[in-house]
1. Please give the length that would be gained between His191 and Asp56 if that part of the chain were fully extended, namely 0.36 nm times their separation in residues minus their C-alpha to C-alpha distance (nm, one decimal).
2. With unit charges on the beta carbon (Lys/Arg positive, Asp/Glu negative), name the residue among Leu153, Trp34, Phe166 whose Cα is farthest towards the positive pole of the charge dipole of the chain.
3. What residue among Ala120, Ala159, Ala129 shows peak mean-square fluctuation when the chain is described by a Gaussian network model with Cα springs under 10 Å?
4. Name the residue farthest towards the positive end of the dipole of the chain from the options Val86, Leu66, Thr113, assuming +1 on Cβ of Lys and Arg, -1 on Cβ of Asp and Glu, about the Cα centre.
5. Cα centroids of the range 83-106 and the range 124-192: how far apart, whole angstrom?
6. Please give the charge dipole size of the range 1-151, origin at the Cα centre, charges +1 on K and R Cβ atoms and -1 on D and E Cβ atoms. Round to the nearest 20 debye.
7. Between Asp140, Asp17, Asp100, which gets the highest mean-square fluctuation from a Gaussian network model of the chain, Cα cutoff 10 Å?
8. Please check: in the Gaussian network model of the chain (C-alpha springs, under 10 Å), which one of Val121, Val22, Val86 has the largest mean-square fluctuation.
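Each value in this text was obtained by applying a stated rule to the coordinates, not by laboratory testing. These figures come from a predicted structure and were not determined experimentally. Heads up, the Cβs are rebuilt from the backbone with ideal geometry, glycines too, and the neighbour counts pull from every protein chain shown.
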Amino acid sequence: MKRVKINNVGLLDEMYDKRKCVIIIMGHCGNREWASPIIAFYTKHRCYGMAKPLSDPFFEKYMMRLRTKFIPDSIVHFKRVFRMMVQNKENLSAYLMAGDQTPTRSEINYLTTFLNQETAVFSGAEKIAKTLNLPVVYLDTRRTGRMRYEVTLSLISDAPKETAEFEITEKHVRLLENSIRLHPENWFWSHKRWKHKRSDIETIEN
């Protein structure tokens, strides 16, 4: 907590007071592994991070141990997150999801322009938010010094069922893009985010 400054945490307090769970969308910016415990330290919500298991069993076990060091049982397999959110809806929780990973071809149903490239993006967070009517918040993490970070929260939508299709997805993509343009060194560039082309995607209608 000494190493991370968090802005606008009152946004989550407001959701908690309204008895609302919340979806928090983030990118691979700054020290993303600290995001879940930091939010847990500052908010009243019970925090969970969504993750895809790593292919290497050793590193999967190692990363799970690191990620749950401060909050046991806080990582949820991405395929189980919706069921858990339905079952856990009476407990006020915050669910952190990375919105900048590349979906598999079968998961793609939306393309947009991101950093001047036609990009396939996940729309799962929006679907869940609309189905369960959960507010959506964007989390931006910026490195400010050696082992020092600043986290800023901003509201994407507190009435997801009233938004147009892909409006929430488009908003978090634009927020992430702006974060990267302001601080390009802060983003995790090594992921292959442009491996799908429109001509290769059978699920997208021209």
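1. On the way: separation 135, 0.36 × 135 = 48.60 nm, distance 1.69 nm.
The span from His191 to Asp56 would gain 46.9 nm if fully extended.
2. Trp34
3. Evaluated over the chain, the most mobile residue of the options is Ala159.
4. It is Leu66.
5. 14
6. Numbers: 25 positive and 14 negative charges, 95 e Å.
Dipole size: approximately 460 debye.
7. Highest fluctuation of the listed residues: Asp17.
8. Val86
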